[in-house]
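Read-outs: derived from the displayed coordinates by stated rules, not from any lab. What you see is a predicted model; the values in this text were computed from it and never measured. Cβ placement follows ideal geometry from the backbone for every residue including glycine, while neighbour counts extend to all protein chains displayed.
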Amino acid sequence: MTSPLPHQPQDTDQLLKTMADQYGYDFRDYAPASLNRRIRQHVEQHRFQNIGALNQAITDDTQAFANLLRSLSVPVTEMFRDPLFFHYLREQIIPWLATFPFIRIWHAGCATGEEAWSMAILLQQAGLLDRTQIYATDYNEEALATARSGIYSSGLLSLWERNYQDSGCTGKLADYCLQKYRSLRMSRELQKSIIFANHNLVTDSVFGEMHLILCRNVLIYFNRHLQDRVLKLFRESLHAGGRLCLGPRESMRFSSTAGDFDTLHDEWRVFRRKGGSQ
Amino acid sequence: MVKLLGDLSASYPLPILLVKHHSAREGQGTGKDMVSWLGSRIALDVQLADDKCLLSPGTVYVAPPDYHLLLNRDGSLSLSQDEPVIHARPSVDVLFESVADAAGSQATGIILTGASTDGAVGAQAIRRGDGQVMIQHPETAEVPVMPKAALKKGDSSEAMELECLTARLLDLARKEPGQ
Ligand SMILES: C[S@@+](CC[C@H](N)C(=O)[O-])C[C@H]1O[C@@H](n2cnc3c(N)ncnc32)[C@H](O)[C@@H]1O
């Protein structure tokens, strides 16, 4: 389907410049390979002649820009995605979180929110949810709206249920949602502790004093320079000793911030900000 | 695959990016099994591709299950979780298109046995960038669907036996230091 348009680097540069200058969304430090692919796909799906024509369209028309923005975001996620990672969270991170009187957690790039809801379930099971504030952020408003509603298609439940079991949780995921016809809604009990908010990792600033930050499968869309900046943002947003979890194929080793963190778990890319007691 | 890569020595100067389809039923795991399986059978260094790592010579980078693998123009790898393409993530089309962009005429794409048409569009992108496409001869492939699809738009001279593919890989290394 994605028949390759010839590559037009100058046109792409101009498009990214318009997005940044006119709309304040700066994609210039995204990883070119995946970004180019999404731009090309957008050009084809919306039947623009070429990238230059797309640039003209977003210059003239806010709706054309909104459509493009939506195409560039990849809000793919699952409940208890990487079940063994969630197992690790439950066994190793939650007991450490329990030592704090009040807990603050940030899911950066939460997409449609499943990861934040999964975290809320773990905290509920550990009896910690009442003293936790979860912030879940993304720049994709549409994905955030789904996240906030907590309403998902029931068709996903069997996969999620399997993830849930594999992560070592007892009972059923279905105990935490209300099923209606073809959709399910996450329990209101969980909702009280989660704030879903718009935050752009490229342009927005530090986010409170966090004990735990999860930013999984978001950095893969950035080039090394932007990864470095965002990792610094996380360092500034974490308590000394705070934990940072990246996606399983993402790493810190290309960033100047690497020295400010210890590796806690190599396979699941869990890091601890240096300094402080533990 | 082992047959093809097994004849390359550890000092082989080119990096190799590898996409292997998994059936949904297989349960993909993390890909580490596949890496150690292949690594113990060939001389080249085999790694699970890490996001943004720079290519080094004589290394096979395996696309992690559930991620697309792409090449940036600066010679670093990128992963993505974009939609599967023809039911595949990782997808050969996605890899090949990015390699065509990044390496142009220095790109070489190889298609082996496989049960989908993934790779055909990507092979076309490599041809358009003046790169080379080599395809396992459908008659010698266990499942000929993928080689056949890739050959449709290509030249019949692109199809060859595995031995011949290996020889061509060795040739490439002599000709083109670099990509
Ligand atoms: C593949 S999803 C990852 C979802 C979840 N963290 C997971 O691992 O399951 C990537 C998300 O990153 C978000 N994202 C990309 N660039 C961003 C930015 N600059 N600021 C905030 N979110 C961003 C996208 O909108 C998308 O929802």
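Taking a cut-off of 42 Å, what percent of all Cα-Cα pairs in the protein assembly as shown are separated by more than that? Cα-Cα pairs of the protein assembly as shown separated by over 42 Å account for 19 percent.
Between amide H atoms placed 1.01 Å from N, distances below 5 Å from residue B:132 occur with B:107, B:108, B:109, all of them 5 or more places distant or on a separate chain.
Separation of segment A:56-97 and segment B:1-72 by C-alpha centroid, Å? Centre-to-centre distance over Cα atoms comes out at 27 Å.
Sorting A:82, A:29 from the fewest to the most surrounding beta carbons within 10 angstrom yields A:29, A:82.
The aspartates and glutamates within cross-link reach of residue A:192, meaning a Cα-to-Cα straight distance under 18 Å and a gap of 8 or more places when in the same chain, are A:114, A:115, A:130, A:175. Within the listed set A:101, A:75, A:32, the Gaussian network model of chain A (springs between alpha-carbon atoms below 10 Å) gives the highest mean-square fluctuation for A:101.
Full extension of the segment from residue A:188 to residue A:47, taken as 0.36 nm per residue of separation minus the current Cα-Cα distance, would add 46.5 nm. Rounded if a/c is under 1.5, else prolate if a/b is larger than b/c, else oblate: which is segment A:9-72, with a ≥ b ≥ c the root eigenvalues of its Cα gyration tensor? Here segment A:9-72 falls in the rounded category. Packing, as the average of other Cβ atoms within 10 Å across residues, places the peptides B:164-173, B:68-77 in the order B:68-77, B:164-173, highest first.
Using alpha carbon centroids, what distance separates segment A:22-54 and segment A:117-154, in Å? Measuring centre to centre over Cα atoms gives 30 Å. Compactness check for segment A:83-273: Cα Rg over 2.2 N^0.38 Å is 0.99.
In straight-distance terms, cross-link reach from residue B:32 covers every one of the lysines whose alpha-carbon lies under 16 Å from its own, apart from those fewer than eight places away in the same chain; here that gives B:20. With a 10 Å cut-off around each Cβ of B:68-80, the average count of Cβ atoms from other chains is 6. In plain terms, the residue of A:199, A:46 with the fewest other Cβ atoms within 10 Å comes first and the most crowded comes last, giving A:46, A:199. Ranking of A:176, A:23, A:221 by neighbouring Cβ atoms within 10 Å, starting from the fewest: A:23, A:176, A:221.
What does the charge dipole of segment A:132-247 about its Cα centre add up to, to the nearest 20 debye, if the Cβ of each Lys and Arg holds +1 and the Cβ of each Asp and Glu holds -1? That gives a dipole near 200 debye. Sites listed here are trypsin sites (Lys or Arg not before Pro) in segment A:1-106 whose DSSP assignment is loop and whose Cβ has at most 14 other Cβ atoms within 10 Å: A:47. Classification of chain B by its C-alpha gyration tensor yields a rounded form. The axis ratio a/c (a ≥ b ≥ c) stays under 1.5. Considering only B:93, B:155, B:101, the mean-square fluctuation computed in a Gaussian network model of chain B, springs between alpha carbons under 10 angstrom, is largest for B:155. Mean per-residue shielding of peptide A:42-48 is 0, counting Cβ atoms of other chains within 10 Å of each Cβ.
Taking amide hydrogens as placed 1.01 Å from N in the peptide plane, the amide H of residue A:80 sits under 5 Å from those of A:118, each at least 5 positions away in sequence or on another chain.
The sum of -39500 (n - 2.57) across all DSSP H runs of n ≥ 4, divided by the residue count of chain B, sets its helix-only mean residue ellipticity at 222 nm to -8500 deg cm²/dmol. In plain terms, the bigger the Kirkwood radius, the slower the diffusion; for segment A:139-199, with that radius from Cα pairs, at 25 °C and 0.890 mPa s, Stokes-Einstein puts D at 194 µm²/s. Counting Cβ atoms of other protein chains within 10 Å of each Cβ in A:26-34 and taking the mean gives 6. Distance between the pseudo-spin-label points of residue B:1 and residue A:240 (7 Å out from Cα toward the beta carbon): 4.8 nm. Structure remark: mean-square fluctuation, Gaussian network model of chain B, C-alpha springs under 10 Å; the largest value among B:38, B:79, B:54 belongs to B:54.
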